[in-house]
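Heads up: the structure comes next, in structure tokens.
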Amino acid sequence: MNRASRTPRTPHASRSSRPPRSARIRRAGLTAGACTALAAALLGPVAGAQATAPATATASTAAPDIPVAAVKAHLDRLQSIADANGGNRAHGTAGYRASVDYIKGKLDAAGFTTTVQEFTRNGTTGYNLLADWPGGGTDRTVMTGAHLDSVTEGPGINDNGSASAAILEVALAVAEARLEPSHHLRFAWWGSEENGLAGSRHYVKQLSADERGKIDAYLNFDMIGSPNPGYFVYDDDARLEKVFKDHFAAKHIATEIETEGDGRSDHAPFKDAGVPVGGLFSGADYIKTAEQAKKWGGTAGKAFDACYHASCDTAKNIDDTALGNNTAAIADAVWQLGS
């Protein structure tokens, strides 16, 4: 999460003891629809790589179980990349580009059409990674995004490897399910979020008004495995807020409105452009109150993530329960909103 645009707010959080997700993904699908041409205009003039997606889909509308162990395996890989590249995965570094290459390779093998979009920030080339699942009506696109870069001070495994890995595993579940959604599905990993949301701002800026209007929803996830977690839900759009609040209510997990990250992550450029936005967040450097700790567990008087923007934001800086709960909510939202 970007620190520079922070506006002080009253802290909010919650916690649950939900066990890790199942270790097996069930094949599941949305309402079947004929595959159509990809919405290339929304991606802008960038170079891409294509692969052919599976041709069949099941009829179920239920989201699959996402194994938290699979999400953590991606986090371990991001940690290894940081370890091999000076301890971070920041904009303009070899560690960031290696992170892009790792995720792109997984998506290419799964049948996504991937595109690496270049931009410049502080005189250095940055990269967004976009992945489109073949099919779905190109006049209505559901986007799911997370920033992939870390700060220079550390490997950025909660901020924001946690959400980057989660949406990767949800995307792989889309491929495993051989989904044929009625809406087009696009996943995005943004570069240089920690330098003023540069990657997502570039992406939104190069869209025409017509292209922006075709984005039915943008879902943003930034820090979803905080070690002293809360369950924050964006309240920027009532329809999208309800999807997440209903999911957690059905799991008997209380939520609170997200305020700590207002304007500090990649949903901001989309919201400013009139795109409906929603998302989840498990907390950064705000302090968990005694009331929140009593209600949801965790430690009162400590930050949701005491390693926020620090060298200790490693693979050990993750709460597995929060990571699993939030990943499940992401999958549920993609399945619902894509139908």
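What the phi angles of the range 287-298 give under the Karplus curve with 6.51, -1.76 and 1.60, with θ = phi - 60°, is a coupling list of 9, 6, 7, 4, 5, 5, 5, 5, 7, 10, x, x Hz, glycine and proline written as x. For the range 77-127, trypsin sites (Lys or Arg not before Pro) are listed when DSSP marks them as loop and at most 12 other Cβ atoms sit within 10 Å of their Cβ; the list is empty. Site pair Asp235 and Lys295 shows an inter-label distance of 1.1 nm when each label is modelled 7 Å from Cα along Cα→Cβ. Computed from backbone phi with θ = phi - 60° and the Karplus coefficients 6.51, -1.76 and 1.60, the 3J(HN,Hα) list for the range 65-81 is 6, 10, x, 4, 4, 5, 4, 5, 5, 5, 5, 4, 5, 5, 4, 4, 4 Hz; x is used for glycine and proline. Restricting the calculation to Cα atoms, the range 135-198 shows an Rg/Rh of 1.08 when the hydrodynamic-style radius is the Kirkwood one. Ranking Glu176, Glu211 from most to least accessible surface, computed with a 1.4 Å probe over the protein chains only, gives Glu176, Glu211. How much FRET efficiency would the formula 1/(1 + (r/R0)^6) give for Gln206 and Ala249, where r is the Cβ-Cβ distance and R0 is 41 Å, rounded to 0.05? It comes out at approximately 0.60. Solvent exposure of Val71, expressed as accessible area, is near 0 Å², computed with a probe of 1.4 Å over the protein chains only. The solvent-accessible area of His74, taken with every protein chain present and a 1.4 Å probe, is close to 10 Å². Annotation: amide H-H contacts under 5 Å for Gly126 (H modelled 1.01 Å from N, sequence separation of 5 or more, or interchain): Phe119, Thr120, Arg121.
The values are calculated or read from the model by the stated rules, or taken from the named source; none is laboratory data. Everything numeric in this text was worked out from a predicted model, so none of it was measured. Here the Cβ is made from the backbone with ideal geometry for all residues, glycine too, and neighbour counts use every protein chain on show. Side chains are part of the model used for accessible areas, which takes the heavy atoms of the whole protein and leaves out ligands, DNA and RNA. Shrake-Rupley method; radii C 1.70, N 1.55, O 1.52, S 1.80 Å.
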